[in-house]
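Before anything else, here's the structure in question.
Every number here is computed from the coordinates shown, using simple stated rules; none is lab data. Model, not experiment: these values are computed from the prediction. Note that each Cβ is placed from the backbone with ideal geometry, even for glycine, and that neighbours are counted across all protein chains shown.
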Amino acid sequence: MERIILVGNGMVGYKFCEKLISHPNRDQFDILVFGEENRPAYDRVHLSEYFTLESPDELLMAPRDWYADNGITLRTSEMILSVDTENKKVVTHKNESFEYDHLVIATGSSPFIPTIKGSEKEGIFIYRTIEDLEAIQTYSDKLKAKGRYQSAVLGGGLLGLEAANASKELGMTTHVIEFAGKLMPRQLDQAASDLLQSKIQSIGLKVHLGKNSKEIIGDGETEAIEFTDGTTLAVDMIIISAGIRPRDELARNSGIAVGERGGIVVNNRMETSVPGIYAIGEVALYNQNIYGLVAPGYEMAAVALDQIAGGTKLMSPSIDMSTQLKLVGTEVASFGDPFVESEDAIAIRYENKQRGVYKRINISKDGSRLLGGILVGDSSDYNTLFQLYINGMKLPENAEDLILGQRGAGSKSLLGSVLDLPDTAQICSCEAVSKGAICDAIKSGCCQDLKGVIKHTKASTSCGGCKPMVVDIVKETLKSLGKEVKETICEHFEYSRQELFDLVKLNNTTGYDEALDTFGKGHGCEICKPVMASIFASIFMETANKQVAIQDSNDRFLANIQRNGTYSVVPRVAGGEITPEKLVVLGQVAKKFDLYTKITGGQRIDLFGAQLHELPMIWKELIDAGFESGHAYGKSLRTVKSCVGSTWCRFGLHDSVSFAIRIEERYKGLRSPHKLKGGVSGCIRECAEARGKDFGVIAVEGGWNLYVCGNGGANPKHAILLASQLDDDTCIKYLDRFLIYYIRTAGPLVRTAPWLEKLEGGIEYLKKVVVEDCLGMAAEFEAEMDGLVERYACEWKEAIEDPETLKRFKPFVNTEETDEELVFVPLREQKMPRPW
Amino acid sequence: MEELVNLYQTVQATEVLSWVSVGSVSDFPENAGACIKHKSRQIAVYHFTRTNKWYACQNLCPHKMEMVLSRGLSGDAAGIPKLACPIHKKTFSLEDGSNLNGEEYSIATYPVKIENGIVYIGFAD
Ligand code: SRM
Ligand SMILES: Cc1cc2nc3c(=O)[nH]c(=O)nc-3n(C[C@H](O)[C@H](O)[C@H](O)COP(=O)(O)OP(=O)(O)OC[C@H]3O[C@@H](n4cnc5c(N)ncnc54)[C@H](O)[C@@H]3O)c2cc1C
Ligand code: SF4
Ligand code: FES
């Protein structure tokens, strides 16, 4: 047994372990890993997600047990101080020594701190480890509590921008300070930087270019930065992101050769100057360069392991540094040589300031090869361009098509088919997965689908940038084998939602069990049950009380489950209009059942904290007072928001409240693939935010303008004009057609906005279907909607009138007791669940 | 909190010391969950009609320590009967309580038997 000692349990060190355990010669080696950090290796690439994760453990590359389970001895919180190269021993900071046969150094790098006067002050941070992020969060919370909000990031490179975005998300007013005259100076040209600058300024970051920091000012704490040009900027904290320095101390202490500007010198076998000692990852100086990306590090790990195990694998002679910027709300990518403009190269640029897009490609003079390029604002072509570049593929006749898109009829993918790529084409550079490996995984019968391929090859599991291409290759390969590729909803039904919709309709299937028997298998699951429930509801307008067992749990109890397992109650308040009498009832009910009360963002009132057994009692009182279910729990129509309109507003053109109520009353209870929201505004001032909804109606001179497919949420989209100057009835008619068409064709949990994005032909085609009736189905759509409207019933009214249904709200089958585990804590004059 | 978690330990059919009657078959929904209370324990009971099998497990979701599992959806993953917590949809095997999302926490399961239309749950104390 030979002993490998690995110093550094970061991303690359971890990859070395992962590759070792699946190596055919695994049994020859015994491995001992030292990591200075207190936790096992985690995913630094997704470090910024730390702020949104429930636990930092979610970032771990593998849980601690994984090491032991695979025979790896992992010692965290232990630092190696030196190597006795003569006696083949490493020495820890506790002065213990351990012998090795092969030593692998993967100590990574640390942020470079430029010498600036005052940089020892409080409030100065770096951005590399979980602890750094914890410290940043704590300090910014402290600042915010004191009303101080100014934060600066020194460095406008890839990492600096990522840190700046994180600082902004923490609620700080964030300044990016860059020494060069442009952002991401190593990846972007001036035009690209200008565009990126305007984009990130529009999301609230402040950019200062060409600024050289001289001193950090403040009395113990950071208060301002002074620049060499004499100006100052008041800031309360600073994150330094001015590049990286390899952590080569260990080598320096032990007589292992390092480069002039740092980094452990390695050859193409990853060997250092001392035989038997290897360096990999960000600490390694290969071809006189340090590579601050995971992909080259992973390749180094593979090479070092192969060499140790007696193989002959060598590191690629040139390393690709193509990158895509994550997170900053705009797409940026650069690949190959982004700048070349030599004798033998030509740059083609495309810029559209209005759309905020800049694209540049550098091609060889004869137009045959792609040398590099830059994409800002729209990097959807990145994968294709990157493949053309990295594989040195021949370019199409008109190279400008690569960034302008093929104009004219019959446009095809620029690459032809993904299957035209050479087998050696590297698709996932992080995990070094080639196109051939993906195809073989399927052809050999080893994997049947995308999920299997990802699990087997690990493609797209690291940064995820290559996912679209992996999807395409899997699809095309399956197709080439004559296997149909379908978007099936889950393992129980091998159909898409649209196909299931048609199957239920054609077979007149009336229940879930029957559907499982005739075109499904197994017992079903939490994915297909709600999808089928939604389909049954959309076809037969059955309420959630009919097939209770397949309802998503909110629909089963006709209320939204909240943090502590209690429920919220939201009665319908159509158009947001409510009489004083009804308002009083809501107050009385809330008081009687001690419910936390809040006005929602949807112009109605939410009563929180109801226990399961209280729901029917609460609803009995509400229904007696004339309320109905608000379907806040369902994938169905929520609200149609209105502004006060011409009845009171001095600018109002038409009566938006009456129209909103009419629309909400018509579509209430309508189940759909995802929730549906509408809005009606009385003039273009748009106080109802109608264009942020799935359908929005806005009063204009001569009628209503109808907009569709808007969305709030994580990816806000304004609704797009479908038809203008409509009278009330035509508007409703178009809405009927639009809604039924959406309900029939959308995938599960796809809102109207993403649905339209995928709809072939886009809004123009939708106009043809809805306005011009190109499918000849308008009458059918309208009749279908009429039928659904006619069959509407309030499901809460049904529930409280049926003793059988009431059993559902009993907390325990075997006793009348209620749940005593519930704990509430006071909140202002109300209450809330105990915190998690 | 730890006390609450320790209250729930998987019981194998062979370890049962007392079979507690918790209601008749018709008191329980088909292919969905319901909850019973025995002393200080809350137990979720699931009846799968396609195989006519019964399963019982703790009602406490170990993810955020909420008493909710009986209100989740049930089904199977590659033949393993499972339930999905209604709060964040973490899934657990009803056969052995293991976490089907690959996370560390799991749930305790209990044996169920049906005699003369009555549902019994087995406890080891
Ligand atoms: C109560 C309310 C917040 C409030 O206190 O104001 C709310 C609460 C919830 N929203 Fe919302 N949303 C509320 C208005 C909104 C709005 C504003 C609006 O409707 O004008 C939006 C943005 C508009 C939009 O939907 O496009 C909104 C976008 C979302 C999203 C993101 C949807 C998307 O397509 O990206 C989710 C997540 C989802 O549905 O997957 C969500 C989900 C949720 C859930 C259901 C999360 C959950 O599963 O528990 C919350 C349930 C609370 C409850 O049980 O009542 N909520 N939510 C609002 C209820 C409105 C109502 O009267 O029905
Ligand atoms: C915020 C952020 C975002 C990033 N985004 C991307 C991206 O999008 N794409 C990309 O390709 N790359 C990205 N990177 C870079 C990527 O994370 C690194 O290239 C990668 O982590 C390098 O791995 P490594 O193992 O060489 O170093 P590290 O992951 O830093 O691991 C080295 C480990 O060794 C330990 N160590 C050091 N000295 C000793 C010692 N003497 N004894 C014991 N242990 C020691 C360190 O504490 C550390 O845990 C990002 C980095 C950061 C910080
Ligand atoms: S934004 Fe909506 S989903 Fe998010 S916390 Fe607020 S209410 Fe809940
Ligand atoms: S509380 Fe059950 S999954 Fe989160």
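Distance cut-off 21 Å, Cα to Cα: go down the list A:Lys455/A:Lys675; A:Lys121/A:Lys146; A:Lys168/A:Lys359; A:Lys365/A:Lys467; A:Lys168/A:Lys831 and report the pairs above it.
Working: A:Lys455/A:Lys675 33 Å; A:Lys121/A:Lys146 18 Å; A:Lys168/A:Lys359 27 Å; A:Lys365/A:Lys467 32 Å; A:Lys168/A:Lys831 31 Å.
As for pairs spanning more than 21 Å Cα to Cα, those are A:Lys455/A:Lys675; A:Lys168/A:Lys359; A:Lys365/A:Lys467; A:Lys168/A:Lys831.
Looking at the square roots a ≥ b ≥ c of the eigenvalues of the Cα gyration tensor of chain B, which shape do they give, rounded for a/c under 1.5, prolate if a/b is larger than b/c, or oblate? Don't skip to the end; give the middle numbers.
Numbers: a/c = 1.58, a/b = 1.17, b/c = 1.35.
It comes out oblate by the Cα gyration axes.
When you look at the Cβ of every residue in A:809-821, what mean number of other chain Cβ atoms sits within 10 Å? Please list the in-between numbers first.
On the way: counts 0, 3, 9, 11, 14, 14, 5, 0, 1, 1, 6, 3, 8.
Partner-chain Cβ atoms within 10 Å, mean over residues of A:809-821: 6.
Could you state the angle between the C-alpha long axis of helix A:11-21 and the longest principal axis of the C-alpha atoms of chain A, as a value from 0 to 90 degrees rounded to the nearest 10?
It is inclined by approximately 90 degrees.
With no solvent and one equal point scatterer placed on each C-alpha of chain A, evaluate the Debye formula and give log10 I(q)/I(0) for q = 0.10 Å⁻¹, two decimals.
With one equal scatterer per Cα and no solvent, log10 I(q)/I(0) is -1.33.
Could you give the nm distance between label points at B:Glu103 and A:Ser273, where each point is 7 Å from its Cα heading toward the beta carbon?
Distance between label points: 5.0 nm.
Counting alpha carbon pairs within less than 8 Å and at least 6 residues apart, what relative contact order, in whole percent, applies to the range A:356-409?
Working: 62 pairs, mean separation 17.7, N = 54.
Result for the range A:356-409 is 33 percent.
What is the gain in length, in nm to one decimal, between A:Glu260 and A:Asp420 on full extension, counting 0.36 nm per residue of separation less the C-alpha to C-alpha distance? Don't skip to the end; give the middle numbers.
Details: separation 160, 0.36 × 160 = 57.60 nm, distance 4.45 nm.
Gain on extension, A:Glu260 to A:Asp420, equals 53.2 nm.
Which of these, B:Val112, B:Val22, B:Val45, has the largest mean-square fluctuation under a Gaussian network model of chain B (Cα springs below 10 Å)?
Residue with maximal mean-square fluctuation among B:Val112, B:Val22, B:Val45: B:Val22.
Could you compute the FRET efficiency for A:Gln725 and A:Arg355, with r as their C-beta to C-beta distance and R0 at 45 Å, rounded to 0.05? Spell out each step's value before the answer.
Working: r = 28 Å, r/R0 = 0.62.
So, using R0 = 45 Å, E works out to roughly 0.95.
Sticking with the crude label model, points 7 Å out along Cα→Cβ, report the distance from A:Thr73 to A:Asn87 in nm, one decimal please.
Label at A:Thr73, label at A:Asn87, 1.7 nm between them.
Another question about this same structure. With everything on Cα atoms, drop me the angle between helix A:497-507 and the longest principal axis of chain A, reported from 0 to 90° to the nearest 10.
Between the helix axis and the principal axis of chain A, the angle is about 40 degrees.
Once you sort the root eigenvalues of the Cα gyration tensor of the range A:10-123 as a ≥ b ≥ c, which label holds: rounded (a/c under 1.5), prolate (a/b larger than b/c) or oblate (the other case)? Each step should come with its number before you reach the end.
Values: a/c = 2.33, a/b = 1.26, b/c = 1.85.
Note, shape of the range A:10-123 comes out oblate.
Normalised by the number of residues in the range A:633-732, what is the relative contact order in percent for Cα pairs under 8 Å and 6+ residues apart? Don't jump to the answer; show the numbers that get you there.
On the way: 254 pairs, mean separation 22.5, N = 100.
Dividing the mean separation by the residue count of the range A:633-732 yields 23 percent.
Oh, and also: A:Glu701 to A:Ile763: FRET efficiency via 1/(1 + (r/R0)^6), r the Cβ-Cβ distance, R0 22 Å, to the nearest 0.05? It would help to have the intermediate numbers written out before the result.
Working: r = 23 Å, r/R0 = 1.05.
So, using R0 = 22 Å, E works out to roughly 0.45.
Something else about it: Within the range A:57-85, list the residues whose amide N lies under 13 Å from a label point set 7 Å along Cα→Cβ of A:Met1.
In the range A:57-85, the label zone of A:Met1 (backbone N under 13 Å from the point 7 Å along Cα→Cβ) covers A:71-73.
May I ask for the angle, rounded to the nearest 10°, between helix A:528-540 and the longest principal axis of chain A, with both axes built from Cα atoms and the value confined to 0 to 90°?
That helix lies at roughly 30 degrees to the long axis.
Right, next: Would you tell me the mean number of C-beta atoms belonging to other protein chains that fall within 10 Å of each C-beta in B:68-79, as a whole number? Please list the in-between numbers first.
Numbers: counts 6, 1, 4, 9, 5, 13, 6, 12, 7, 7, 2, 4.
Mean inter-chain Cβ contacts per residue within 10 Å come to 6.
Another question, if that's okay. Can you give me the relative contact order of chain A as a percent, contacts being Cα pairs under 8 Å and 6 or more apart?
Numbers: 1610 pairs, mean separation 53.6, N = 836.
Computed value for chain A: 6 percent relative contact order.
Amide H of B:Ala77 versus every other amide H placed in the peptide plane: which residues, excluding those fewer than 5 positions away on the same chain, fall under 5 Å?
Hits under the 5 Å cutoff: B:Lys82.
While we're here: Shielding of B:100-107 by partners, i.e. mean partner chain Cβ atoms within 10 Å per residue?
Values: counts 0, 0, 1, 3, 3, 0, 0, 0.
Going residue by residue through B:100-107 and averaging, the value is 1.
A further question follows. Decide, for the range A:531-594, between rounded, prolate and oblate: order the square roots of the alpha carbon gyration tensor eigenvalues as a ≥ b ≥ c, take rounded if a/c falls under 1.5, and otherwise choose prolate if a/b is larger than b/c, else oblate. Don't skip to the end; give the middle numbers.
Working: a/c = 3.26, a/b = 1.63, b/c = 2.00.
Taking the square roots of the gyration eigenvalues as a ≥ b ≥ c, the range A:531-594 is oblate.
Do any trypsin sites (Lys or Arg not before Pro) in the range A:58-116 lie in a DSSP loop with no more than 12 other beta carbon atoms within 10 Å, and if so, which?
Details: sites: A:Arg64, A:Arg75, A:Lys88, A:Lys89, A:Lys94; in loops: A:Lys88, A:Lys94.
Here the sparse-neighbourhood loop sites are A:Lys94.
Under a 5 Å amide H to amide H cut-off, with H placed in plane at 1.01 Å, what residues pair with A:His631 once short-range neighbours are removed?
Residues meeting the amide H criterion: none.
Next question. What list of ³J(HN,Hα) values in whole Hz, one per residue of the range A:556-561 in order, does the Karplus curve 6.51 cos²θ - 1.76 cosθ + 1.60 (θ = phi - 60°) give from phi, with Gly and Pro shown as x?
Whole-Hz 3J(HN,Hα) from phi for the range A:556-561: 4, 9, 6, 6, 8, 6.
Hey, any idea what Rg/Rh is for the range A:646-712, computing Rh the Kirkwood way over Cα pairs? Write down the numbers at each step before the final one.
Details: Rg = 11.9 Å, Rh = 12.1 Å.
My calculation of the ratio gives 0.98.
Output wanted: per-residue J couplings in Hz (rounded whole) for the range A:719-733, from phi through Karplus 6.51 cos²θ - 1.76 cosθ + 1.60, θ = phi - 60°, x for Gly and Pro.
5, 10, 5, 9, 7, 10, 6, 8, 7, 3, 5, 5, 4, 5, 4
Now a separate question. For the range A:557-666, just the Cα atoms, rotate onto the principal axes and tell me the three extents in Å, largest first.
47, 29, 22
Label-point separation (nm) for B:Asn116 and A:Thr138, each offset 7 Å from Cα along Cα-to-Cβ?
6.5 nm
So what is log10(I(q)/I(0)) for the range A:257-361 at q = 0.09, 0.19, 0.20 1/Å, when the Debye sum runs over its Cα atoms only?
Computed log10 I(q)/I(0) values: -0.36, -0.94, -0.99.
Could you sort A:184-195, A:428-439, B:46-57 so that the peptide with the highest average Cβ count within 10 Å comes first and the rest follow in order? The partial results should precede the final answer.
Details: A:184-195: 20.2, A:428-439: 21.7, B:46-57: 17.9.
The packing order, highest mean first, is A:428-439, A:184-195, B:46-57.
So, one more: Can you tell me how much longer the chain between A:Glu397 and A:Glu54 gets when fully stretched, taken as 0.36 nm per residue apart minus their C-alpha distance, in nm with one decimal? Don't jump to the answer; show the numbers that get you there.
Numbers: separation 343, 0.36 × 343 = 123.48 nm, distance 5.12 nm.
Stretched out fully, the A:Glu397 to A:Glu54 stretch lengthens by 118.4 nm.
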